[in-house]
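J.: For reference, the structure I am asking about is given below.
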Number of protein chains: 2
Amino acid sequence: MKAFKPDPKLDLVLERVVDVPPPLVWDCWTMPKHLKKWFTPAPWKTVHAEVDLQPGGRFHFVMQSPEGQDFPNTGCFLEVVKHERLVWTNALLPGYRPATSGAATADDLIFTAVISLKKHGKGTKYTALAIHKNPGDMENHAKMGFQDGWGKALDQLVALAKKM
Amino acid sequence: MKAFKPDPKLDLVLERVVDVPPPLVWDCWTMPKHLKKWFTPAPWKTVHAEVDLQPGGRFHFVMQSPEGQDFPNTGCFLEVVKHERLVWTNALLPGYRPATSGAATADDLIFTAVISLKKHGKGTKYTALAIHKNPGDMENHAKMGFQDGWGKALDQLVALAKKM
């Protein structure tokens, strides 16, 4: 899609300018070895990640709580525009198969994520959009700490990118 | 996706060779004025169709029963490869928003459709694949007459294309 217009009753947005360029942010988002290092705010960990970087391709990761409990999550990439835009959803499984509610995610939260990267000086204007099916899901996602969690994860991404 | 491998426990497939070329089949599938003439096996009608032909774009149509009852259906295009492949789902609403079960379709049947066209002599090898989330949905779709209904609709498409 050319333009996403967030609906404030249904969608959550994190927008920040970070001082690493789009190609590095892109690599952090799309390479499993990098994803495992930043994707989950500490003390949570991402202990496994799989990326089949094409529309319809598999996106699978396992988050681990500080107590050691695993939370697997499987979704499907929808748009892959290198260094610019990455769209994925857990409403569909790989190959665009409609997900069975409850099986798609550990916590039953279904959403589509749109990660947009724009060159901003030597850095990146980073926008993460989470698209939900109803206001209840959006509120749950907000209560689960979307802003704080995705923000902390982005800090971890930036710290990682600066070492790359 | 480069290749779709149907799962016989979850997916339905209609495959036929028709004697009209891929560009005409494509036009019938993607232009509302044509869709309204073939998309629903008679005596059902398609009384309205909207097509925003891009990934994430809106696909909306209204089927009408012989008794005059309207059945609206709204989905989202996933892949648009001109004259080759069209993928859409009603598991997502336009803009990739996860669909609320029950609201997406009149009959609550959620699936992803993959229409593949391959040049075959002067005609087209036409494959329609319906991807479901569980065996129950596949069986319901089969009982609703997938083979017969999609086959009759394809006959209508071919008859229309020959007049174009």
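The values are calculated or read from the model by the stated rules, or taken from the named source; none is laboratory data. Keep in mind that what you see is a predicted model, and the values were worked out from it rather than measured. Neighbour counts are summed over all protein chains in view; Cβ atoms, including those assigned to glycine, are modelled from backbone coordinates with ideal geometry.
J.: Taking A:K162 as meeting all but one of (1) of a type in the set (K, R); (2) in contact with a helix residue (DSSP H, G or I) (Cβ under 9 Å, 6 or more places away or on another chain); (3) closer than 25 Å to B:T112 by Cβ, write down the number of the exception.
T.: In the conditions (1) of a type in the set (K, R); (2) in contact with a helix residue (DSSP H, G or I) (Cβ under 9 Å, 6 or more places away or on another chain); (3) closer than 25 Å to B:T112 by Cβ, A:K162 misses (3) alone.
J.: OK, next. In segment B:68-86, which residues are of a type in the set (A, V, I, L, M) and either free of Cβ contacts under 8 Å to residues at least 60 places away in the same chain or over 21 Å from A:A91 (Cβ atoms) (or both)? Full working, then the answer.
T.: Just the residues of segment B:68-86 that are of a type in the set (A, V, I, L, M), to begin with: B:78, B:80-81, B:86.
Answer for segment B:68-86, where residues must be of a type in the set (A, V, I, L, M) and either free of Cβ contacts under 8 Å to residues at least 60 places away in the same chain or over 21 Å from A:A91 (Cβ atoms) (or both): B:L78, B:V80, B:V81.
J.: Additional query: Checking B:M138 against (1) of a type outside the set (K, R); (2) within 14 Å of another protein chain (Cβ to nearest Cβ); (3) under 21 Å from B:W44 (Cβ atoms); (4) part of a helix (DSSP H, G or I): exactly one of these is not met. Which one?
T.: Of everything listed in (1) of a type outside the set (K, R); (2) within 14 Å of another protein chain (Cβ to nearest Cβ); (3) under 21 Å from B:W44 (Cβ atoms); (4) part of a helix (DSSP H, G or I), B:M138 misses just condition (3).
J.: Let me ask something else. Under 8 Å between Cβ atoms, at least 6 apart or on separate chains: pull out the pairs that start in segment A:102-118 with a residue that is under 23 Å from A:P6 (Cα atoms) and among the small types (G, A, S) and end on any residue that is surrounded by fewer than 23 Cβ atoms within 10 Å (Cβ to Cβ) and at pLDDT below 95.
T.: Filtered contacts from segment A:102-118: A:S116/A:F4.
J.: Scan segment B:68-94 for residues that are among the aliphatic types (A, V, I, L, M) and not in a strand (DSSP E or B) and jot them down. Step through it out loud before you land on a result.
T.: Looking only at segment B:68-94, we keep the residues that are among the aliphatic types (A, V, I, L, M), and these are B:78, B:80-81, B:86-87, B:91-93.
Within segment B:68-94, just B:A91 meets the criteria.
J.: Right, here's the next one. Report the residue count in segment A:95-134 for those that are modelled with pLDDT of 95 or more and more than 8 Å from chain B (Cβ to nearest Cβ).
T.: 17
J.: For segment B:1-24, what are the residues that are of a type in the set (A, V, I, L, M, F, W, C) and facing another protein chain (nearest Cβ under 9 Å)?
T.: The first filter runs over segment B:1-24 and keeps only residues of a type in the set (A, V, I, L, M, F, W, C), leaving B:1, B:3-4, B:10, B:12-14, B:17-18, B:20, B:24.
B:M1, B:F4, B:L10 - these are the residues of segment B:1-24 that are of a type in the set (A, V, I, L, M, F, W, C) and facing another protein chain (nearest Cβ under 9 Å).
J.: I would also like to ask the following. Residues in segment A:13-62 that are surrounded by 18 or more Cβ atoms within 10 Å (Cβ to Cβ), in contact (Cβ under 8 Å) with a residue 40 or more places away in the chain and touching a Phe, Trp or Tyr at 6+ places or on another chain (Cβ under 8 Å): how many?
T.: Residues that pass the stated criteria total 6.
J.: Let me ask another. Which is modelled with pLDDT of 95 or more and in contact with a Leu (Cβ under 7 Å, 6 or more places away or on another chain), of B:K37, B:K45? Walk me through how you get there before you give the answer.
T.: Working: B:K45 fails: in contact with a Leu (Cβ under 7 Å, 6 or more places away or on another chain).
After applying the criteria, what remains is B:K37.
J.: Spot the failing condition for B:D52; the list is (1) among the acidic types (D, E); (2) within 10 Å of chain A (Cβ to nearest Cβ); (3) within 14 Å of the chain's Cα centre (by Cα), and only one is missed.
T.: The single condition B:D52 does not satisfy is (3).
J.: Restricting attention to segment A:74-92, does a residue exist that is on the phi > 0 side of the Ramachandran plot, more than 14 Å from every other protein chain (Cβ to nearest Cβ) and modelled with pLDDT of 95 or more? Give the derivation first.
T.: Going residue by residue through segment A:74-92, those that are on the phi > 0 side of the Ramachandran plot are A:83.
This time we only want the ones that are more than 14 Å from every other protein chain (Cβ to nearest Cβ), so: A:83.
Still in the running and modelled with pLDDT of 95 or more: A:83.
The answer is yes; a qualifying residue exists.
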